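**Student:** Dropping a structure here in structure tokens format, bear with me for questions.
The values are calculated or read from the model by the stated rules, or taken from the named source; none is laboratory data. Small disclaimer: the values here were computed from a predicted structure and weren't measured. Glycine gets a Cβ as well: all are built from the backbone with ideal geometry, and neighbour counts include every protein chain shown. The protein model used for the area step is the full one, side chains on, heavy atoms only, and it has no ligands, DNA or RNA in it. Shrake-Rupley method; radii C 1.70, N 1.55, O 1.52, S 1.80 Å.
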Amino acid sequence: MKNSLLIGFILTAFSAMAQYPQGGGQGARKGMNAGHFYGKIVDSKTNKGIELASVQLIGQKFDSVTKKMETGIIATVLSRSNGDFSLENIPVFGDFNMNVSAIGYADNSTKVSFGVSMKGNKSESNQASQMMQMMSNIDKDLGNIKMEPTENTLAGVTIQTAAKPFFEMGVDRKVFNVDKNIVSQGQTATEVMRQIPTLNVDIDGKVTMRNATPQLFIDGRPTTLTYDQIPADLIDKVELITNPSAKFDASGGGAGILNIVLKKNIKTGYNGGVRAGIDSKGSVTMGGDLSYRQNKINVSLSAGYNQRKSNSNSITDRNNISDTPMNIYSTDDGTSKGHFAYVRASLDYLIDIRNTLSFSYSKAQGKFNSLDDQVIDSIVNNNLASYSSRLSNSEFTFNSNRYGLSFKHLFTKAGHDITADINYNASTNTNNGNYITNTYYPDSNPKGLPVKQLSEGNGTTDYLVIQSDYENPITENTKFEAGVRAAIRNNDNLSMQSFYNDSAGKYLPVPALNSNYKFKDEVFAAYSTYSFKLDKFRFQLGLRAESSNYNGTLLGKDSSFKVDFPISLFPSAFITYQAADKQDIQLNYSRKINRPNFFQLLPFIDYSDPQNLSVGNAGLKPEFTDLGELSYNITYNNNSNFLATIYGRHTTNLITSFQYVGPSPLNPEDTVVFNTYANANNSWSYGLELTNRINLFKIWDLTLNVNLYNSVINGGSSQQNMSNQRVSWFGKWNNNIKLPKKFTIQFSGNYQAKTILPPDNGGRGHGGFFGSSGLGTTQGYIFPNYSFDLGLKKDWAIKGTNTLSLSLSMNDIFKTAVNKVYSESPYFTQISTRYRDPQVLRLNLSYRFGKIDANLFKRRNTKDQGGDTDMSGGMGGGNK
């Protein structure tokens, strides 16, 4: 009878424990999970204990949501300094998989159990015997777990064995891992983009993708920062989405998306780094980062400070077309000095296994001073009529703050989730300039008094984005996604122009030249996509609906604009065919819109450059673009990758820049050239892009990119129906070669053939949102140009995973990066030649430290971790 009571009590307790290993109250769990595994993790060759090895026990556990048993993580621990580990409060019944991993060692997986079974003879005496056996086995010594070192574990120092390739293919994007890029260290995102295939970067740092200006994102969200305000040392990877689906914003005119993914800690424990650098111009850079990830908390902090000094030289030769031939020849020597600082902080809080709350904050602040000395010769009938000397001294400051709040919920089904995001950007800027122009007769006698101009300006921008995305893999072969988004931007800008009055002895404002304007953009959108698979075909069909409104006011003047764009539909379709193992063929299509912005519409003259006045056009219409791509992708020997893409873009009502001659507002007796905007009839752009990443001899990572394309712009009546067409191509070549003694060489080059002028910036330095893509032009071309960059890096393993790196690099090593442009209109022809910062030598030192383990405390679905920036799904996904 006593045995029966004992057996009944034990069976009841352990039966409940087996069914609900994670259920009930805290006290119940302690009583029901009585098992204990322990042992030691050792090196198979030296038998020495391995510190910080991740020991993870996988088995059946009770899900409180589904009320069912599911496979999951029972317990996870790190081994001690001598290799010992202990897993406590483990269910006694059942079989488990114990996975052990350590940096520098091959993973080890072992089946373990307490050897307890209640099956077989049901007699009272046999069950009592099994109970006694179970009680004696709940403390089980697993002995030494031997780990096999990988080839890169040398002299007791563990080194991470797998380096990310420079180029990878995503489902709908190309991914470039630039965290180890040598030649851009200590610089900005502008220099990083020069190394990226598919992208072109001109002498002023303007980035284009397939001859159009892409939307710039940071961590999957639009940003008010520019490329030269983002430190290169904070960038982990760059993602190029050449034809975004309906999940993404239809604005931008089909120019694509460039997403910069910043570095973020994904490893349990703490890690960080410090860095410093200097270049041959005397500019210094410094920065650091620190991350901590443990249990439910992931905290990351980073900061940087960059000084910049830039020198530029230019020559402009303009021939005005008139009854009296006139040539204007000017030279310009410019110097820019400044600095900017960047601070970023983020916090991910794992509320529970299915809910994550994330906070982020970043701040960028900078100041730049520019000094330009320009000499202008005016030649009439081949004789020097006069010459002018113009000295410009300007200062630009910016202050940007970004706040982010995100919530993510994981449903019980893998890949089934919903997110909610709020992102707020607030930025201010000032732009002040002092300009003095002296004009002389050919005999060097002054031609009148000096013209002294004072320009003062400032602006603020508030940008709020609220969105939610839902993802549900309905079956193994079908998936539904949907989302909503609201984007609201407010902008205020003040510009004051004053000229020195000799009689008054002071600067007096010119009301006709001053402006004070504000505008508000609002875009509201919803989308849905449905993906399914049929045999070897995968389909994704999407539809996006967008409506927008825009209000702009020129304060103090009777000038305002209101534009309401009703709901427009933007379909997308992606069809992928798996031709063979590691071979895919994809056909895709999408429709986009580019709305004119306030600066393009505002009929107010910009006098910041008296030689090139700018004015808006209130009659502009939005442009619509249809995009299509046909791609073939194959992965072959040594994980090499080849991608071929035929692409095309057709745009109606293309917003283009053009010029016309009119009376000078300052002196009606003179005529000047105005720069403005107009709708061209249409444009075509099509081409073939080839990208090949090759692994050679296990030490050489070679990426080749060639883009052959044709651009055709058909001008409207305002451009005298001119058309511009030119077949062109560009290529990029990137080499990363690993040498003995932990040396690495990076050698890259690019060549741009003769091509039509790239898109304009769409406004007056503000960009983004309405009219965020660039503008085409029917008036000119760029001469061929090429350049090469070289970098050398040395790494040292200090202790464990700590590393010290020293790099030396030089851009434009052969001093060949010359920007030469020909432009024309019915009123003039012009050739300009510019040089900027050739052969700058940079030295950078960095140190990484920390105790980390990349495999500890992984979520059930690692791609769905809070704070993940993969835009194809999850926190950074869709609805951009």
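**Student:** Mind checking which residues of segment 815-836 are under 25 Å from Thr285 (Cα atoms) and either surrounded by fewer than 18 Cβ atoms within 10 Å (Cβ to Cβ) or touching a Cys at 6+ places or on another chain (Cβ under 6 Å) (or both)?
**Tutor:** Looking only at segment 815-836, we keep the residues that are under 25 Å from Thr285 (Cα atoms), and these are 815, 817, 835-836.
Lys815, Tyr835, listed by residue number.
**Student:** Okay, moving on. Evaluate segment 225-232: report whether one residue or more is closer than 16 Å to Thr188 by Cβ, assigned to a strand (DSSP E or B) and in contact with a strand residue (DSSP E or B) (Cβ under 7 Å, 6 or more places away or on another chain).
**Tutor:** Yes, the conditions are met somewhere in segment 225-232.
**Student:** Limited to segment 293-324, what total is found for residues that are among the charged types (D, E, K, R), open to solvent by less than 60 Å² (accessible area, probe 1.4 Å) and modelled with pLDDT under 90?
**Tutor:** Adding up the residues that qualify gives 1.
**Student:** Looking at (1) at pLDDT 95 or above; (2) in contact with a Gly (Cβ under 8 Å, 6 or more places away or on another chain), which is the only condition Ser346 fails?
**Tutor:** (1)
**Student:** Conditions: (1) surrounded by fewer than 16 Cβ atoms within 10 Å (Cβ to Cβ); (2) in contact with a Phe, Trp or Tyr (Cβ under 9 Å, 6 or more places away or on another chain); (3) among the hydrophobic types (A, V, I, L, M, F, W, C). Leu371 meets all but one. Number of the miss?
**Tutor:** Only one criterion in (1) surrounded by fewer than 16 Cβ atoms within 10 Å (Cβ to Cβ); (2) in contact with a Phe, Trp or Tyr (Cβ under 9 Å, 6 or more places away or on another chain); (3) among the hydrophobic types (A, V, I, L, M, F, W, C) is unmet by Leu371, namely (2).
**Student:** Just checking, which of Thr645, Thr656, Thr691 is surrounded by 16 or more Cβ atoms within 10 Å (Cβ to Cβ), at pLDDT below 90 and closer than 30 Å to Pro197 by Cβ? Give the derivation first.
**Tutor:** Details: Thr645 fails: at pLDDT below 90; Thr691 fails: at pLDDT below 90.
Only one candidate qualifies: Thr656.
**Student:** If you take the residues of segment 262-277 that are at pLDDT 90 or above and of a type in the set (A, V, I, L, M, F, W, C), which of them is most open to solvent (accessible area, probe 1.4 Å)?
**Tutor:** Val274
**Student:** Something else: State which residue pairs qualify: first residue acidic (Asp, Glu) and inside segment 268-281, second residue modelled with pLDDT under 95 and open to solvent by 80 Å² or more (accessible area, probe 1.4 Å) in any location, beta carbons under 8 Å apart, and separation of 6 or more residues or different chains.
**Tutor:** From residues that are acidic (Asp, Glu), there are no pairs.
**Student:** Sort through Lys582, Lys592 and tell me the only one that's touching a residue at least 40 places away in the same chain (Cβ under 8 Å) and closer than 23 Å to Trp684 by Cβ.
**Tutor:** One residue alone meets the criteria, Lys592.
**Student:** Here's a follow-up. Restricting attention to segment 300-347, which residues are part of a strand (DSSP E or B), over 22 Å from the mean Cα position of the chain (by Cα) and of a type in the set (Ser, Thr, Tyr)?
**Tutor:** Answer for segment 300-347, where residues must be part of a strand (DSSP E or B), over 22 Å from the mean Cα position of the chain (by Cα) and of a type in the set (Ser, Thr, Tyr): Ser310, Ser312, Ser314, Thr316, Tyr329, Ser330, Thr331, Thr335, Ser336.
**Student:** Could I ask something else about it? Among the residues in segment 847-863, are any among the β-branched types (Val, Ile, Thr), more than 27 Å from Phe217 (Cα to Cα) and either at pLDDT below 95 or open to solvent by 30 Å² or more (accessible area, probe 1.4 Å) (or both)?
**Tutor:** yes
**Student:** Based on this model, can you work out whether Asp179 counts as open to solvent by 20 Å² or more (accessible area, probe 1.4 Å) and over 19 Å from Asp789 (Cβ atoms)?
**Tutor:** Values: open to solvent by 20 Å² or more (accessible area, probe 1.4 Å): yes; over 19 Å from Asp789 (Cβ atoms): no.
Against the criterion (open to solvent by 20 Å² or more (accessible area, probe 1.4 Å) and over 19 Å from Asp789 (Cβ atoms)), Asp179 does not qualify.
**Student:** Additional query: Of the residues that sit in segment 428-445 and are among the hydroxyl-bearing types (Ser, Thr, Tyr) and either within 22 Å of Asp332 (Cβ to Cβ) or not in a strand (DSSP E or B) (or both), which one is most open to solvent (accessible area, probe 1.4 Å)?
**Tutor:** Checked segment 428-445; the qualifying residue most open to solvent (accessible area, probe 1.4 Å) is Tyr441.
**Student:** Also: Among the residues of segment 348-362, which ones are open to solvent by less than 30 Å² (accessible area, probe 1.4 Å), part of a strand (DSSP E or B) and of a type in the set (D, E, K, R)?
**Tutor:** Once the filter is applied, which keeps residues that are open to solvent by less than 30 Å² (accessible area, probe 1.4 Å), part of a strand (DSSP E or B) and of a type in the set (D, E, K, R), segment 348-362 yields only Asp348.
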